[in-house]
1. Among the candidates 86, 51, which residue alone is of a type in the set (Ser, Thr, Tyr), over 30 Å from residue 112 (Cβ atoms) and surrounded by 13 or more Cβ atoms within 10 Å (Cβ to Cβ)?
2. Considering only region 24-65, state which residues are part of a helix (DSSP H, G or I) and among the polar types (S, T, N, Q).
3. Quick one: is residue 12 over 13 Å from the mean Cα position of the chain (by Cα), more than 18 Å from residue 98 (Cα to Cα) and surrounded by 11 or more Cβ atoms within 10 Å (Cβ to Cβ)?
4. Any residue at all in region 62-84 that is at positive phi and without any contact (Cβ under 8 Å) to a residue 40 or more places away in the chain?
5. Given the criterion surrounded by fewer than 15 Cβ atoms within 10 Å (Cβ to Cβ), under 22 Å from residue 12 (Cα atoms) and in contact with a His (Cβ under 9 Å, 6 or more places away or on another chain), identify the matching residue among 45, 79, 57.
Amino acid sequence: MATKPTRFQQQACDHLAEALALIVEGARLDGRGDFDTEDLAAIADRLAKASSAFAHDEIVARALERRCRSLGLRSGTSDLLMLVESETRPLETLLLSDEEFKGHVERLDEELGEV
């Protein structure tokens, strides 16, 4: 039986998600580095090893939630990105520029509107 994560474990997960988001933002802002999806996946995997209570996907989901909030997107957008299958995996969306990220979300919204 799994136990509910402690307040400190929740806080740790938030910090790991923030670290992931900041690393990606730094790579995006620099724009000339050699940082790619494989590098990002390796970092996310390493961060997940630092948590006993949260897996890779939860850390990615929280990083996406931070990004969505920072871009002023509606609540639940990060859940949409995590749940809907698309060509771009949720982790990889963190590498998109702000405009590409918003465009990706808009395309997913349009696709879901057609369903």
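Quick note: the coordinates plus some simple rules give every number you see, no bench work behind them. These numbers come from a predicted model, not from an experiment. Here Cβ is always computed from backbone atoms with ideal geometry, including for glycine, and neighbour counts include all displayed protein chains.
1. After applying the criteria, what remains is 51.
2. The answer is 37, and nothing else.
3. The answer is yes for residue 12.
4. For region 62-84, residues at positive phi and without any contact (Cβ under 8 Å) to a residue 40 or more places away in the chain: present.
5. Among 45, 79, 57, only 45 is surrounded by fewer than 15 Cβ atoms within 10 Å (Cβ to Cβ), under 22 Å from residue 12 (Cα atoms) and in contact with a His (Cβ under 9 Å, 6 or more places away or on another chain).
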